[in-house]
Amino acid sequence: MAVKEGFWRKLLIRVLSSAVMLPLFIFTALRGGWFFFAFTFIASVLLLREFAQLASARGVRGVFPEMLPVVAAVLLGARWGGEAGASGAMGAGILILLIWMAWRGRIEGAWERASFRILGLIYVVWLPAHWMLLRDLEYAQGLPEGGGALILLYGAGVTWLGDTGAYLVGSLIGRHPLGTAVSPRKSVEGALGGLASSLAAAWLLRGAWMPFLSGGEALALGLLVGLGGQGGDLFESLLKRGVGSKDSGSTIPGHGGFLDRLDSLLFSLPLLYFALVWVIF
């Protein structure tokens with residue numbers, strides 16, 4: 001079986017990089033509270049910084065660091081006020097930013113600056129806030145202590161195992177292009193392998209981490225999380241393709257930037273949260 005050039009080297013680098021990030025994510029998720037708030041806040045700041053670099057390639061300046069107070073407000077709103085607090089802080093932050101832009105009166109490029117600021121707040125601030133909401137579900141739903149951490153780790157595990165399955169299957173046997181200009185190297189085999197991995201992970205991890213789910217619910221969530229993870233990856237590729245960039249940064253060897261590593265979780269974990277709150281619970 002022919003293996004794509006550089007496959008084993010790239011795989012080793014990805015594994016070593018994950019070995020650094022995963023323990024920190026798991027530790028803060030299990031501790032919860034302000035520990036996980038700190039992790040989410042730092043992650044959002046780093047994500048916003050990389051998003052600002054992409055925006056600057058389109059000629060939009062000032063996204064970072066002037067939006068940092070809104071980052072803090074949205075995440076504190078999630079920490080203290082749950083979903084309503086996060087959404088309220090998000091809405092207020094957008095209005096304040098737009099009023100401030102109008103007050104400054106810079107007419108040239110106003111459409112682009114407003115659009116990138118709103119997209120940035122939704123993409124790398126409001127979506128990560130749902131990581132905290134997912135972690136805090138034990139308080140909102142009366143789950144046993146630590147139940148929120150298991151839900152969060154379940155969602156991350158299904159997402160990352162799906163990513164890994166897509167990478168392995170696509171690299172080893174991918175032959176048919178997925179047919180999207182956003183990411184022309186992705187294959188149909190890789191996408192199906194990723195979904196199969198997500199479904200298998202959702203089923204296997206259910207017994208230990210999500211025992212309240214039925215088998216059918218676990219498979220439905222696995223499909224939703226798997227599709228969300230792949231959608232998050234494709235959306236980030238769309239943004240990078242729009243500015244002619246291969247990676248969002250170079251911070252993490254083998255992955256590029258933090259946005260390259262966390263793009264799947266930006267979509268998959270909020271979808272898991274919505275499904276649990278609006279349907280399962």
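Bear in mind these aren't lab numbers, they're just calculated from the coordinates by the rules spelled out. Please read all numbers here as calculations on a predicted model, not as lab measurements. Virtual Cβ from ideal backbone geometry, glycine too; neighbours counted across all protein chains shown.
Here is the list for the stretch 142-231: trypsin sites (Lys or Arg not before Pro) lying in DSSP coil, each with at most 10 other C-beta atoms within 10 angstrom of its C-beta, are Arg175.
Screening the chain for DSSP H helices whose Cα atoms reach 27 Å or more along their own axis and whose mean Kyte hydropathy is at least -0.5 gives 7-31, 33-56, 68-104, 147-173, 188-209, 215-243.
Sort 187-199, 111-123 by packing, meaning the average of other beta carbons within 10 Å per residue, with the highest value first.
On the way: 187-199: 21.5, 111-123: 17.8.
In decreasing order of mean packing, 187-199, 111-123 become 187-199, 111-123.
Return the FRET efficiency for the residue pair Ile173, Trp103: r is the Cβ-Cβ distance, R0 is 45 Å, and the value is rounded to the nearest 0.05. Calculated value: 0.20. Think of it as helices only: each DSSP H run of n ≥ 4 in the chain is worth -39500 (n - 2.57), and spread over all residues that comes to -26000 deg cm²/dmol at 222 nm.
With 0.36 nm allotted per residue and the present C-alpha distance subtracted, the Trp278-Arg185 stretch has 29.9 nm of extension available.
Rounded, prolate or oblate for the chain? Axes are the square roots of the Cα gyration tensor eigenvalues, ordered a ≥ b ≥ c, and the cut-off for rounded is a/c under 1.5.
It is oblate, given that a/c is not under 1.5 and a/b is not larger than b/c.
Considering all projection directions equally, how large on average is the shadow of the alpha-carbon convex hull of the stretch 122-274, in square nanometres?
Details: hull surface 37.7 nm².
Projected area, direction-averaged: 9.4 nm².
For a protection proxy built on the mean count of beta-carbon atoms within 10 angstrom, sort 67-80, 222-235 highest first, please.
On the way: 67-80: 20.1, 222-235: 22.7.
Result, highest mean first: 222-235, 67-80.
Segment Phe35..Trp203, full-extension length gain: 57.6 nm, with 0.36 nm per residue of separation and the alpha-carbon distance subtracted. Amide H contacts under 5 Å for Ser187: Leu178, restricted to partners 5 or more places along the chain or on a different chain, H placed in the peptide plane at 1.01 Å from N.
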